Structure formats: C-alpha cells, structure tokens
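The values are calculated or read from the model by the stated rules, or taken from the named source; none is laboratory data. Since this is a predicted model, take the numbers as computed values, not measurements. Positions of Cβ are generated from backbone atoms using ideal geometry, with glycine treated the same way; all protein chains shown enter the neighbour counts. Calculation scope for accessible area: heavy atoms of the full protein, side chains included, ligands and nucleic acids excluded. Shrake-Rupley method; radii C 1.70, N 1.55, O 1.52, S 1.80 Å.
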Amino acid sequence: MLRVGVIGANGFVGSRLVEQWHLEERVDVVPIVRRPEAAASVLRFGLDCRVADALDERGLARALAGCDAVVHAGAGPRPFVTQSPARVVGAAARAGSDNVIYLSSMAVHGWNPRPGTPLPRRQPVPYNRWKAHGERALRSACRETGTRFVILRPGIVHGPRSQWITRFAGGLLDGSAFVVAGGRGICNAIYVDNLVHAVELALQREEAAGQTFLVADDGAVSWRMLYEPVCRALGCSWDSVADLASRVPRLMPGERLLGLKDDPTARVVLDRVPRTLRDPVRRLALRRLGGESPQGTSRQAPLEDSILQTCGYRFPTAKSRRLLGFEPPVSFDEASRRTVAWLGFAGYPVAASAQEVA
C-alpha cells in the first residue's frame, strides 16, 4: 500500500484526504500538521501524526521519512503560499519521496481569463498571484531535484466543513449573508470527495507526471445552485438574501486592466507615460474596478466576492478527463444532499423537512 504524507492534514481538504484514505484503507496515510494542537482532528484515528513546519525543509524531511509520496494541501499567509511548495519538494527529495502532488487553484488564471493566454502576473486579488508564484517555485524545485510532480487546480471546493458553506450558513443566521448579481455567475465548483478522487489519480497515473490539471464537478453550476439548498435547509427564502452590487465591471474584469504591463503592446504605451502620472492613473483604474469605492454608492460586495460571483467562464476539464481519467464520482445533487445532512449534524438549525430529504 502506498504511504503518503499529507501536509495540511488539519485543513478542510487535508483532513478529508486523511479520513477517506484511512477509513477506506486505500492509502497508508501520514498526517503532517504545523503545530501539536492542530493534530486533534486526526489523532482520533490513532494514526502516526507528525509535526513539522512546511517552511522548515530539514524538519519536514524528517517528518516525511518512510513516505513514498507527498500531498501538499496546506494553506497560510503569503510566505507560506509562495515559499512552501519549493521547500516541500526539497524536503521530499531529502526523504526519498519522489512524488509530490500540489493543490493549487483555478484562481491563478483569474476568474474571467482569456483562453490560451499565459497566467496573468498582476491580479487584483493577492492570493491568486501568490498561488501562481508557488506553482513556479515548485516546478523549478522539481527540475533541480528530479522529483515527479502533479499540480491540481480545483475551483471552489465545497462540502461539509467548507468555508463557502459555513460562512454562508452563518450569514443566514446572523443576517449578513449576501450574493452578487443574484447568484447567477458561474461557480467552478468541485465537491471535496471528488477532489480526493483526483488526488488519488494524480498519485497513480504515469501520464499525469509533470502536468497541471483543472478539476471540477460535472455540469454548469451557479452560485445560486450552490447556496440555495443551504437556504432551504435553514428555512430561509432565497429572496431574503441580500443581493449586493458588484464592484467589478461586467465588460472589463479587474485583472485585465491591472495586467496591462504583461501585454507587449500596452507596455510600449505605458513606458512613454511619465512616472509622475503612472500612480494617479493606476489609482483611477483601481477605483473604476472597485478597488476604491466612491462615497455615496449603495452597499457593495467585497472585491473578491464580486470577482468570484460575476464569473462568466466555465473552466475546461477535458485534459483531466483524458490524461487523469477523472470522472467525478459524486454528483452535484448528491453533494448538496450530503452537505445539508452535515449542517444538521454540526448543530445548525436545519428544518425537519430538509433533514428528511437528506
């Protein structure tokens, strides 16, 4: 049986990897967490949980001793996101683990990308840039060490314990829940168990080595489709949810204007603009794109939520189906049912009728 170290084993995706692999005896899993107190959720399984900081290459190498492969499912602030991928590769090489699976994000493309173009280096959401930087560092480290790698780019990972679900459910209870543009935007969603399935395929498929894959659920999913079952479960009307104004223009996504410096033609023009004028122009662009809200306007959604919920692009997953053999084992409807059932289990005031359906 393959022995796999899971970095970020206390997080949403990492803990689900540990649960499924251990309970279904599919993988000999080694949970790795940053702090001893973070091990509580996995210690109930009696596993060999190890403590190591993913930014400490030598310490992490000791924690990975005996592992055949590593899954990097950790999350954190900027230094962690940008630096840990390369450190994980270095630690894996020291420990003799020659197979690294890195969970990145569709966000590296921006949420309204132009197909066939390189990843934008400038985006209005810093996290998106950090993940892209982490990917580049990982690839470079793998070239230097000869380590096999696969990068998975999931979109909105949902399911029991997902921040997308708990934040919205909590908002319904305290009156702060909102959607943007009626929740009609495309939600490039993937159920957490479907992502676990993709990770397993990435570990096993030889054709996947050195590749990057977009992974998502079947079918087109909107934000309303994701959130409305939660509304019904908690006895709320969809019409009662605040519909906030978007901070992103429909025809000019923020990352395109802010990424003009990556366009060779635009670069020529920008180089001719006096430096004393560049900052004022940039501030004006940010304000137009929602980075600064003019006074006296109606309540607007946060910038990141605006970008996500006004997405008009469904990311293609044909490559993951062709090379990984990825077919989501859990349908979106079944995923929603399981999520509602978990809300009741977790103590949310789920209506009796919703529990019966679940």
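Averaging over all projection directions, the Cα-based convex hull of the range 66-199 occupies 10.0 nm² in the image plane.
Of the peptides 318-325, 226-233, how do they stack up when ordered by the mean number of other Cβ atoms within 10 Å, highest first? Before the final figure, lay out each step's value.
Details: 318-325: 15.5, 226-233: 21.8.
Sorting 318-325, 226-233 by mean packing, highest first, produces 226-233, 318-325.
Counting only other residues whose beta carbon sits under 12 Å from that of Asn194, what net charge do I get with K and R as +1, D and E as -1? If you can, show how the numbers build up before the last one.
Details: positive: Arg16, Arg338; negative: Asp193, Glu200, Asp217, Asp218, Glu327, Glu334.
Every neighbour counted, the sum reads -4.
Neighbours of Val180 by Cβ distance under 10 Å: Lys/Arg scored +1, Asp/Glu scored -1, total 0. Report note on the peptides 339-352, 86-99: ranked by the mean count of other C-beta atoms within 10 Å, highest first, their order is 86-99, 339-352. The residues of the range 62-197 expose on average 36 square angstrom of accessible surface per residue, using a 1.4 Å probe on protein heavy atoms. Val51 contributes an accessible area of around 80 Å² to the protein surface, as traced by a 1.4 Å probe with all chains present.
Run the numbers on the range 79-209 and let me know its relative contact order in percent, using alpha-carbon pairs under 8 Å that are six or more apart.
Over the range 79-209, the number comes to 29 percent.
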